[in-house]
Amino acid sequence: MQVTVHAPQRQAAVRLPDGRSFAWSEWGPAGGLAVLFCTGAAMSGSLGFAADHLEALNLRLIAPDRPGLGASSPHPDKTLESWTDDVRTLLEDQGIRQAAAVGFSQGAPFAFALAAHGLVQALAIVSGQDDFGDVRVARRLHPDVVGMVAAARQDPGGFARGFAQMADPDGLWKLIMNMSSERDRALYLEPAFSAAYRRSLEEGFAQGPQGYARDLVNALSAWPFRLEDLRVPVDLWYGAQDASTVHSPDFGRTLAQRLPQAWHHLEPLEGGSLLWTRAHDILARLRSHLVALAV
């Protein structure tokens, strides 16, 4: 499987009101319609997707480094709400008034949070983590994931500290490979892609594991918004060959039932890596929502 990997065309940072730095990478025309990319677990924003299609679609892909990852300063008490505050500052700094978001894997709750706070007008959730507090989802989870959810909710601080003591980029890479299907490993182990993915993980851990551990707590804890209240169009993209135990256990079916405006795409021959293998289709759908809203 061959997917071309492109280094960021531009990288920048904005100074936040509390003095922290919030960094991002981007691709595509600087004046294009903005798409915020909420990356997967412990990834910096340097591994994008769809770079070959952005010019034709007139899309500007912006991938922030979540606080404590990559070049973004840590936030001592990072939450999904504080994340949206940081993104709001980025959008204001760049003069962006309308945007969409893509949430990949662990990035899903961060993308949903942007919609819940009115910062984006359309979403694509790709191989996304589900709301593990939903009983219909919880009963489908792998026992190991059930234990992690319980621990994170019972003692968030202790869970984060304990997880930070054992998390590192090599270990996370091995975990991703072990959870990946043959379909996904065909892409992830392709030399150029593997190098770019692993580099994004190294950057994600560059300031230590605490940023990733805090992201994990926020993703596993109760989300501070109701999916039923979201009023933006949401495309849910899943591959039936996805073997990851930390993505949606029913490939987004329950999510689709909870969202007022949802389109559920389950691709039988794809895995969790369809963010890259179906990149054009994902972004073309997202762009169509933004264009329709602008009419």
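Every number in this text was worked out from the coordinates using simple rules, so none of it is lab data. Keep in mind that what you see is a predicted model, and the values were worked out from it rather than measured. So basically every Cβ, Gly included, is an ideal-geometry build from the backbone, and we count neighbours across all protein chains shown.
Charged side chains reduced to their Cβ positions (Lys and Arg at +1, Asp and Glu at -1) give segment 10-294 a dipole of some 260 debye around its Cα centre. In segment 10-294, taking the dipole from charged Cβ atoms about the Cα centre, the farthest positive-side position among Leu189, Leu61, Leu91 is held by Leu91. The order of Glu190, Glu92, going from fewest to most other C-beta atoms within 10 Å of their C-beta, is Glu92, Glu190. In the frame of its principal axes, segment 72-176 has Cα extents of 44, 33, 27 Å, reported largest first.
In percent, how large is the relative contact order of the chain, given Cα pairs closer than 8 Å and 6 or more residues apart? Please report the intermediate quantities before stating the final value.
Values: 594 pairs, mean separation 64.7, N = 295.
Contact order relative to length: 22 percent.
Each peptide in 75-84, 156-165 was scored by the mean count of other Cβ atoms within 10 Å over its residues; highest first, the order is 75-84, 156-165.
Would you order Trp27, Trp173 from fewest to most other beta-carbon atoms within 10 Å of each residue's own beta-carbon?
Fewest-to-most Cβ neighbours within 10 Å comes out as Trp173, Trp27.
For segment 1-36 versus segment 205-230, the spacing of their alpha-carbon centroids is 21 Å.
The order of Asp65, Asp86, going from fewest to most other C-beta atoms within 10 Å of their C-beta, is Asp86, Asp65. Placing +1 on the Cβ of every Lys and Arg and -1 on the Cβ of every Asp and Glu, with nothing else charged, gives segment 25-155 a dipole about its Cα centre of roughly 300 debye.
In deg cm²/dmol and to the nearest 500, what is the mean residue ellipticity at 222 nm of the chain if only DSSP H runs of at least 4 residues count, each as -39500 (n - 2.57), divided by the residue total?
Details: 13 runs with 122 residues, N = 295.
Rounded to the nearest 500, the figure is -12000 deg cm²/dmol.
Distance between the modelled labels on Val135 and Ala292, one decimal in nanometres: 3.4 nm (7 Å Cα→Cβ projection). With distances taken between every two different alpha-carbon atoms, the chain has a Kirkwood hydrodynamic radius of 18.8 Å.
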